[in-house]
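*Asks:* One structure follows; several queries about it will come next.
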Amino acid sequence: MMLKNPHNFLLVSMLALLMTSVSFSQERQIEKADKEFDKLAYIDAREIYLKVVEDGYESAEIYQKLGDTYYWNSDYDNAAKWYEQLIQKFPDETKAAYYLRAAQSYKSINKYDESDKLMVAYSAMTGDNLIVQNFEGTRNYLSDIAFSSRKYELEKTAINTETSDFGSAYYLTDKVVFASADGTTGGKIYTWTEQPFLDLFVADRDENGRLTNKRRLEGDINTEYHESSAVFTKDGNTIYFTRNNFLKRKAGKDKNKTVRLKLYKATKGEGDVWTNVEELPFNSKEYSVAHPALSVDEKRLYFSSDMPGTYGMSDIFYVDLEEDGTYGTPTNMGDDINTEARESFPYISNAGNLYFASDGRAGLGGYDIYATTIDENSVVGGIENIGAPANSNQDDFALIINEDEQLGYLTSNRDGEKGSVNDDIYRIQITKCEVELAGVVVDANTKAIIPGATVILLDENNNRLSETVSDQNAEFAFPDVECSTQYTVRASKTGYTPSEEIVTMPEESAVLELELQLTPIDPCPANDLGCRLSLQPIYFDFDKSFIRPDAAIELAKILAAMRQYPELIIHIESHTDSRAPNRYNELLSERRAQSTLQWLIQNGISRNRLTAKGYGEYQLTNQCSDGVECTEEEHQLNRRSMFIIQNNNGMIDNSANERN
């Protein structure tokens with residue numbers, strides 16, 4: 001068959017040859033990029049992938065890896081761009097993990113609604129895993145985080161450089177150790193970030209927590225590879241730190257030719273020179289172990305790892321430090337802490353709280369910092385996102401804090417230029433947002449003030465925090481109450497029903513005033529005839545049982561009441577003070593009871609309307625028990641007779657209980 005236009009055939013042949021050449025070239029570039037990607041040389045790989053896309057070649061794998069080169073360098077803005085194209089152009093080839101990474105990346109550009117939609121898609125693809133459970137259980141995470149946010153002051157420290165600086169650790173009381181890529185040992189460039197490898201540096205810390213005088217740790221710790229996050233024993237003589245798999249000037253690699261992270265230990269020699277570097281026995285060249293933290297009692301070492309038994313990309317583990325210098329078996333902290341994503345950078349404060357970073361929980365974007373209580377058995381309590389401004393929509397991690405000082409340090413890349421992977425160390429101080437909770441205690445009926453009332457402050461779990469007494473003006477105050485916190489205030493006083501009020505403190509420092517109202521209890525028990533008739537006490541002389549003239553006046557009131565109400569029956573209780581033996585006082589009080597009873601009988605009251613009993617010294621009205629020095633007036637208050645109604649004819653409530 002003859003072609004109608006031989007020139008067209010030549011043109012088509014040339015184009016086909018050119019396209020074949022371009023295709024081979026693109027494949028070679030992609031192959032090269034894949035090799036760089038597998039070696040974690042993300043910057044080099046990215047440039048090749050971008051060139052391939054620019055030349056018009058597209059695939060799900062290229063968009064995935066392009067997004068990853070940004071995501072793993074914490075450039076979430078650009079990661080979101082490429083993950084978005086992946087999902088739009090290749091929805092059937094997009095794996096669940098990329099919906100999760102896209103959701104995290106969208107948060108960095110404040111697209112939280114779009115992020116939630118991607119999380120719903122991720123949930124549909126994966127089912128009920130730990131990340132999904134956390135997401136479904138915290139759908140209102142933005143408002144929850146806003147509520148838990150505290151007033152922090154953040155400022156960049158003076159030790160930051162144009163390279164990455166991160167991962168602080170307290171060293172004694174006046175120093176901080178951190179990792180930096182600023183002019184480090186060996187001069188090599190790390191292809192993941194295109195920055196020098198990290199070394200450990202130390203800086204002095206003043207009384208305000210500001211850092212100066214940065215210098216490299218001396219001794220055998222720093223090498224030509226990475227050294228980073230560390231922790232020190234309280235005496236400052238031992239360090240646990242993170243390093244690439246490098247010992248005795250030799251790097252170890254896993255089966256993919258990647259140099260993993262390991263934990264090492266060193267001790268301090270003379271002049272702050274670190275020596276005796278040794279590898280911890282639970283390391284492996286096939287997985288990473290990094291970011292150490294010590295328990296308060298220094299008997300347990302916490303760390304992050306992707307070792308077998310990990311739920312996700314990295315989990316928090318712990319290992320016991322035995323007294324003989326050996327190590328226990330690494331234990332995963334479980335799904336109360338860990339998810340299928342990344343949990344890392346544990347830190348345990350002197351108050352026993354665990355802080356850690358995660359991108360598998362509901363957060364503001366990237367790594368967020370979370371806090372929880374932890375006991376001596378590594379059992380954790382509720383986990384709380386510590387909120388803004390400590391957390392941002394970028395990576396925030398490696399928090400250390402002295403809770404007594406309300407002062408610490410964290411690492412973040414929030415302030416880098418777009419596309420930058422640089423981390424900076426921030427000084428963080430919890431500002432004193434305090435409310436003065438003040439008020440007055442009054443009578444609920446008359447609004448009269450009530451001095452001397454006991455006022456107690458309780459937390460939301462009903463734990464007693466503080467106690468005071470209302471002053472002569474019935475006023476009280478708790479001067480240092482935390483903002484944005486719920487409390488219960490309870491008031492009580494003898495003669496009144498206790499009262500309490502639940503109050504939530506404002507978000508800003510302020511004075512919050514309350515009026516606590518106490519309702520009076522009826523001062524006269526319904527069956528206490530002496531109280532009902534406003535009788536003065538029937539008192540007796542020391543060691544006597546006769547009726548005194550002043551007592552006869554009060555007994556006349558009893559007599560009048562019993563004559564007016566013929567069915568009124570009373571019981572006479574007589575008492576003594578504590579002087580003399582118990583048995584003697586029992587007999588004396590019985591004579592007083594009978595003396596009182598006989599007076600009423602002699603004045604015309606029938607015997608069957610009266611009962612009487614002596615109670616000795618067992619019902620004192622004050623502190624004057626055996627051995628307590630008291631005045632004669634105080635002892636007199638215990639030598640008395642009381643009149644208790646046994647029955648009445650409607651004059652007094654006959655449902656009253658017997659008086660104690």
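*Asks:* Looking only at the stretch 53-60, decide whether some residue is buried (at least 21 other Cβ atoms within 10 Å of the Cβ) and either modelled with pLDDT of 90 or more or charged (D, E, K, R) (or both).
*Replies:* Among the residues of the stretch 53-60, not one is buried (at least 21 other Cβ atoms within 10 Å of the Cβ) and either modelled with pLDDT of 90 or more or charged (D, E, K, R) (or both), which makes the answer no.
*Asks:* Also, I was wondering about something else. Name the residue that is farthest from the chain's Cα centre (by Cα), counting only residues in the stretch 464-485 that are over 20 Å from T519 (Cα atoms) and open to solvent by less than 80 Å² (accessible area, probe 1.4 Å).
*Replies:* Result: A477.
*Asks:* When you look at V319, is it over 20 Å from H226 (Cα atoms), open to solvent by 50 Å² or more (accessible area, probe 1.4 Å) and touching a strand residue (DSSP E or B) at 6+ places or on another chain (Cβ under 7 Å), yes or no?
*Replies:* When the stated conditions are applied, V319 does not pass them.
*Asks:* Can you pull out every residue in the stretch 486-512 that is of a type outside the set (A, V, I, L, M) and within 22 Å of the chain's Cα centre (by Cα)?
*Replies:* Q486, Y487, T488, T504, P506, E507, E508, S509, listed by residue number.
*Asks:* Please determine, by comparing only the residues of the stretch 82-97 that are closer than 17 Å to I131 by Cβ and out of contact with any helix residue (DSSP H, G or I) (no Cβ under 6 Å at 6 or more places or on another chain), which one is least open to solvent (accessible area, probe 1.4 Å).
*Replies:* The selected residue is A97.
*Asks:* A further question follows. Quick one: Y190 ticks every box in (1) at pLDDT 90 or above; (2) over 30 Å from P91 (Cα atoms) bar one, so which box is it?
*Replies:* The one condition Y190 does not meet is (1).
*Asks:* Now for a different question. Would you point out which residue out of F37, F9, F90 is modelled with pLDDT of 85 or more and either over 18 Å from D359 (Cβ atoms) or β-branched (V, I, T) (or both)?
*Replies:* Result of the check over F37, F9, F90: F90.
*Asks:* Quick check on the stretch 587-602. Is at least one of its residues acidic (D, E), touching a strand residue (DSSP E or B) at 6+ places or on another chain (Cβ under 6 Å) and within 19 Å of L637 (Cβ to Cβ)?
*Replies:* No, because not a single residue in the stretch 587-602 is acidic (D, E), touching a strand residue (DSSP E or B) at 6+ places or on another chain (Cβ under 6 Å) and within 19 Å of L637 (Cβ to Cβ).
*Asks:* Would you say G604 is touching a residue at least 40 places away in the same chain (Cβ under 8 Å) and at positive phi?
*Replies:* Considered against the rule, which asks whether it is touching a residue at least 40 places away in the same chain (Cβ under 8 Å) and at positive phi, G604 comes out as yes.
*Asks:* Out of the residues in the stretch 198-220 that are in a loop (DSSP other than H, G, I, E, B) and in contact with a Leu (Cβ under 6 Å, 6 or more places away or on another chain), which is surrounded by the fewest Cβ atoms within 10 Å (Cβ to Cβ)?
*Replies:* Among them, the one singled out is G209.
*Asks:* Suppose the filter is under 20 Å from G236 (Cβ atoms), buried (at least 18 other Cβ atoms within 10 Å of the Cβ) and of a type in the set (S, T, N, Q); does S288 pass it? Quick ask: steps written out before the conclusion?
*Replies:* Details: under 20 Å from G236 (Cβ atoms): no; buried (at least 18 other Cβ atoms within 10 Å of the Cβ): yes; of a type in the set (S, T, N, Q): yes.
Considered against the rule, which asks whether it is under 20 Å from G236 (Cβ atoms), buried (at least 18 other Cβ atoms within 10 Å of the Cβ) and of a type in the set (S, T, N, Q), S288 comes out as no.
*Asks:* Is it true that L301 is within 31 Å of the chain's Cα centre (by Cα) and within 20 Å of N244 (Cβ to Cβ)?
*Replies:* Details: within 31 Å of the chain's Cα centre (by Cα): yes; within 20 Å of N244 (Cβ to Cβ): yes.
Taking the combined requirement at face value, the residue satisfies it.
*Asks:* Please verify whether A290 is of a type in the set (A, V, I, L, M), in a strand (DSSP E or B) and either in contact with a Leu (Cβ under 6 Å, 6 or more places away or on another chain) or within 26 Å of S115 (Cβ to Cβ) (or both), treating the condition exactly as stated. Lay out the reasoning, then the answer.
*Replies:* On the way: of a type in the set (A, V, I, L, M): yes; in a strand (DSSP E or B): yes; either in contact with a Leu (Cβ under 6 Å, 6 or more places away or on another chain) or within 26 Å of S115 (Cβ to Cβ) (or both): yes.
In short, yes.
*Asks:* Further question: Identify the residue in the stretch 581-605 that is among the small types (G, A, S) and open to solvent by less than 50 Å² (accessible area, probe 1.4 Å) and, among all such residues, is farthest from R640 (Cα to Cα). Please lay out each step first, then the result.
*Replies:* Let us first name the residues in the stretch 581-605 that are among the small types (G, A, S), namely 589, 593, 595, 604.
Add one more test, that the residue is open to solvent by less than 50 Å² (accessible area, probe 1.4 Å), and what stays is 589, 593, 595.
Numbers: S589: 9, A593: 9, S595: 12 Å.
So the residue we want is S595.
*Asks:* Scan the stretch 565-579 for residues that are surrounded by fewer than 22 Cβ atoms within 10 Å (Cβ to Cβ) and within 12 Å of I605 (Cβ to Cβ) and jot them down.
*Replies:* The answer is Y565, P566, L568, I569.
*Asks:* Go through the residues of the stretch 339-352 one by one and say whether even a single one is open to solvent by 50 Å² or more (accessible area, probe 1.4 Å), over 17 Å from Y240 (Cβ atoms) and touching a helix residue (DSSP H, G or I) at 6+ places or on another chain (Cβ under 6 Å).
*Replies:* Step one: filter the stretch 339-352 for residues open to solvent by 50 Å² or more (accessible area, probe 1.4 Å), giving 340, 350-351.
Cutting the leftovers down to over 17 Å from Y240 (Cβ atoms) gives us 340, 350-351.
So of that shortlist, the ones also touching a helix residue (DSSP H, G or I) at 6+ places or on another chain (Cβ under 6 Å) come out as 340.
There is at least one residue in the stretch 339-352 that is open to solvent by 50 Å² or more (accessible area, probe 1.4 Å), over 17 Å from Y240 (Cβ atoms) and touching a helix residue (DSSP H, G or I) at 6+ places or on another chain (Cβ under 6 Å).
*Asks:* Can I ask one more? If you check every pair at least six apart or on different chains, which have Cβ atoms under 9 Å apart with a residue in the stretch 308-330 that is over 17 Å from S295 (Cα atoms) first and a residue that is of a type in the set (F, W, Y) and surrounded by fewer than 19 Cβ atoms within 10 Å (Cβ to Cβ) second?
*Replies:* Pairs found: P308/Y287; T310/Y287.
*Asks:* Could you check how many residues of the stretch 310-335 are in contact with a Ser or Thr (Cβ under 6 Å, 6 or more places away or on another chain) and outside any strand (DSSP E or B)?
*Replies:* Residues that pass the stated criteria total 1.
*Asks:* Return the residue satisfying two criteria in turn: it lies in the stretch 238-269 and is more than 17 Å from S305 (Cβ to Cβ) and either in contact with a Pro (Cβ under 6 Å, 6 or more places away or on another chain) or modelled with pLDDT of 85 or more (or both), and of such residues it is surrounded by the most Cβ atoms within 10 Å (Cβ to Cβ).
*Replies:* By that ranking, first place goes to I239.
*Asks:* Among the residues of the stretch 106-133, which ones are within 18 Å of S74 (Cα to Cα) and open to solvent by 20 Å² or more (accessible area, probe 1.4 Å)?
*Replies:* Of everything in the stretch 106-133, those that are within 18 Å of S74 (Cα to Cα) and open to solvent by 20 Å² or more (accessible area, probe 1.4 Å) turn out to be Y106, I109, N110, K111, Y112.
*Asks:* Let me ask something else. Going through the stretch 621-639 one residue at a time, which ones are crowded, with 19+ Cβ neighbours inside 10 Å and at pLDDT below 85?
*Replies:* Correct list: R639 only.
*Asks:* Hey, does the stretch 225-232 have a residue that's open to solvent by less than 50 Å² (accessible area, probe 1.4 Å), assigned to a loop (DSSP other than H, G, I, E, B) and modelled with pLDDT of 85 or more?
*Replies:* Scanning the stretch 225-232 turns up at least one residue that is open to solvent by less than 50 Å² (accessible area, probe 1.4 Å), assigned to a loop (DSSP other than H, G, I, E, B) and modelled with pLDDT of 85 or more.
*Asks:* Output the residues belonging to the stretch 304-315 that are under 18 Å from S378 (Cα atoms) and either more than 23 Å from the chain's Cα centre (by Cα) or open to solvent by 30 Å² or more (accessible area, probe 1.4 Å) (or both).
*Replies:* S305, G309, T310, Y311
The values are calculated or read from the model by the stated rules, or taken from the named source; none is laboratory data. Every value quoted in this text rests on a predicted model; they were computed, and no experiment measured them. Here Cβ is always computed from backbone atoms with ideal geometry, including for glycine, and neighbour counts include all displayed protein chains. SASA here: full protein model, heavy atoms, side chains in, ligands and nucleic acids out. Shrake-Rupley method; radii C 1.70, N 1.55, O 1.52, S 1.80 Å.
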